[in-house]
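Asker: My structure is below; once you've seen it, I'll send some questions.
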Amino acid sequence: MQKNTNKHLSRRSFVKQGAVASSIFIVPRHVLGGVGFTAPSDQLVLAAIGAGGKGTSDIKNASVGGREKIVALCDVDFSGSASRSVKNFPDAKQYHDYRVMLEEEKDIDAVTISTPDHIHAPAASFAMQRGIHVYVQKPMTHNIQEARKLTQMAREYKIVSQMGNQGGSNPLLEMVQKWVDSDTIGKISKVQVWTNRPVWPQGGKFPEPEESQKPKDLHWDLWLGPSNKIPYTPNLHPFNWRGWWDYGTGALGDVGCHLIDIPFRTLGLKYPTDAECSVSSVYSKMWTADYHPEGCPPSSFITLHFDATEKSKSPIEMTWSDGGIRPSHPEIIPANHDIGGDNSSNGVLIIGEKGIISTNINDSSPLMPKLYLNDGTTEFGPEVEKNDEPEYGHQRKWVDACKAGFNSQEHQALTSSFDYAGPMTETVLMGNLAIRSYMLGKKGSNDRMEFYARKKLLWDGENMRITNLEEANQYVGRQYRKGWEV
């Protein structure tokens, strides 16, 4: 299989190269087609893998108001929210299996991938091996090993990639970056990140299967993808899969790439050097905590450490808390001010010796950057953002980069190509590795669980390995069902 995208380049390049070679006068396109007209040879041919939920806006935004051509939609159930994409693109061919779609539709240049987390890497890998550019929803992958592999594949196959943490394209990040780069808050040593997620059922027993409840149009085996085959189980598709490790990545996976992105980007952080955590317990009976290692806990607290970088200048300690647990209100921030976003529900505090930067979650919510200095000086960004295009043009910029080509200026200007998004996703998922390791246990002589992995985990980022607890390394990657390998 060829590693380059010759089959896509040839269709667009032929017109330009042929015109030069023939010396035939070409009437400008805008004269023939009117203002804003895009010639078919200059359209990106797009498809969606996961056409419902977030996929509805991803493929719609990638079409750039009809400028680009949407030829196919793939979803395991078109009777749900994916029906909106069918309505938006009635001429697009429908598929249930992305592997079939990408084998049959030979003209596809690029795909948006907006599936549950466990499908991200198998779908992206399958596409990239065929020279197809990829836009992948956050988190980029289900586990650390997949993130590293996809990052390498994008370079190898010369793929224009973008992760769907659209806040990375928010121009207000420049305000935060300026405060960091200008040493406004002085030496930075600590970052605190928090969220009100999960907002779905999490921390309990895995649901019981019930085949009779399966929606008639749902292709359940395709939904399971690389995970073990099990009977249809309600309360997973289309949303609550987030709380189960076989399919989702919990609160960290859901919004970590929107929150941790802010300090990771502005401080130029690299792989963490260690990770430790604690999680909340649920007691259904006295003295014995419920034990459901197949699912994410109701809340967690993670600590990560990072070496100094050119931007951070000093080692950084980052804490993450979810389940509605948030940091204490800093003294220099007035008590009647929210920290982070509205009602202090989600946020980031970047703490320096001279002051604090506070921001909201950076998805499509207002970033609300605020600067508080110890001397009483403040500077606030706007609480209402005026955006010229949906989601800061995150999908459109990727489309433009696909058309410009691998390593073009447009490609290098992307805010979440895999060269950046891969290491950042690995950092987010490092928190989940700590959580899953924390739950490693065995029954002791008194028939109670003994947990032997509740320690700080030392991380060799370059080699993707925990160096002081071998059992924890099982969570760096995963096992795949045949036909779904990455």
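The values are calculated or read from the model by the stated rules, or taken from the named source; none is laboratory data. These figures come from a predicted structure and were not determined experimentally. Note that we place each Cβ from the backbone using ideal geometry, even for glycine, and neighbour counts take in every protein chain shown.
Asker: Quick check on my filter: what residues within the stretch 411-437 are of a type in the set (Val, Ile, Thr) and part of a helix (DSSP H, G or I)?
Answerer: Step one: filter the stretch 411-437 for residues of a type in the set (Val, Ile, Thr), giving 415, 425, 427-428, 435.
Scanning the stretch 411-437 gives Thr425, Thr427, Val428, Ile435.
Asker: Would the stretch 391-410 turn up any residue that is assigned to a loop (DSSP other than H, G, I, E, B) and within 29 Å of His305 (Cα to Cα)? Show your work before the answer.
Answerer: So in the stretch 391-410, the residues assigned to a loop (DSSP other than H, G, I, E, B) come out as 405-408.
Next, from what is left, pick out any that are within 29 Å of His305 (Cα to Cα): none.
Looking through the stretch 391-410, none of the residues is assigned to a loop (DSSP other than H, G, I, E, B) and within 29 Å of His305 (Cα to Cα).
Asker: Go through Asp322, Asp274 for me and flag whichever is in contact with a helix residue (DSSP H, G or I) (Cβ under 6 Å, 6 or more places away or on another chain) and either farther than 20 Å from Lys455 by Cβ or assigned by TED's automatic domain parsing to the domain that holds Asn468 (or both).
Answerer: Working: Asp274 fails: in contact with a helix residue (DSSP H, G or I) (Cβ under 6 Å, 6 or more places away or on another chain).
The unique qualifying residue is Asp322.
Asker: Checking Gly483 against (1) surrounded by 13 or more Cβ atoms within 10 Å (Cβ to Cβ); (2) not polar (S, T, N, Q); (3) not in a strand (DSSP E or B), which single condition isn't satisfied?
Answerer: Single failed check for Gly483: (1).
Asker: Does Ser227 count as closer than 27 Å to Lys205 by Cα and either outside the structural domain of Leu458 (by TED's automatic domain parsing) or surrounded by fewer than 17 Cβ atoms within 10 Å (Cβ to Cβ) (or both)? Break it down stepwise before answering.
Answerer: On the way: closer than 27 Å to Lys205 by Cα: yes; either outside the structural domain of Leu458 (by TED's automatic domain parsing) or surrounded by fewer than 17 Cβ atoms within 10 Å (Cβ to Cβ) (or both): no.
Spelling it out, it is not the case that Ser227 is closer than 27 Å to Lys205 by Cα and either outside the structural domain of Leu458 (by TED's automatic domain parsing) or surrounded by fewer than 17 Cβ atoms within 10 Å (Cβ to Cβ) (or both).
Asker: Moving to a separate point now. Are any residues in the stretch 161-194 over 29 Å from Gly323 (Cα atoms) and in contact with a Phe, Trp or Tyr (Cβ under 6 Å, 6 or more places away or on another chain), and if so, which ones?
Answerer: Once the filter is applied, which keeps residues that are over 29 Å from Gly323 (Cα atoms) and in contact with a Phe, Trp or Tyr (Cβ under 6 Å, 6 or more places away or on another chain), the stretch 161-194 yields only Ser161.
Asker: Among Ile357, Ile339, Ile351, which is the only one that is free of Cβ contacts under 8 Å to residues at least 60 places away in the same chain, of a type outside the set (S, T, N, Q), in the same structural domain as Ile185 (by TED's automatic domain parsing) and at negative phi? Give the steps one after another, and end with the answer.
Answerer: Working: Ile357 fails: free of Cβ contacts under 8 Å to residues at least 60 places away in the same chain; Ile351 fails: free of Cβ contacts under 8 Å to residues at least 60 places away in the same chain.
Selected residue: Ile339, the only one of Ile357, Ile339, Ile351 that is free of Cβ contacts under 8 Å to residues at least 60 places away in the same chain, of a type outside the set (S, T, N, Q), in the same structural domain as Ile185 (by TED's automatic domain parsing) and at negative phi.
Asker: Within the stretch 429-475, which residues are modelled with pLDDT of 95 or more and aromatic (Phe, Trp, Tyr)?
Answerer: Within the stretch 429-475, Tyr438, Trp459, Tyr475 meet the criteria.
Asker: For the stretch 48-67, give me each residue that is under 12 Å from Tyr135 (Cβ atoms) and either of a type outside the set (Gly, Ala, Ser) or not assigned by TED's automatic domain parsing to the domain that holds Lys138 (or both).
Answerer: Ile49, Lys54, Asp58, Ile59, Asn61, listed by residue number.
Asker: With the condition being under 23 Å from the mean Cα position of the chain (by Cα) and modelled with pLDDT under 95, I'd like the strands (runs of 3 or more DSSP E) fully within the stretch 55-118 carrying at least 3 qualifying residues.
Answerer: Correct list: empty, since no element meets the threshold.
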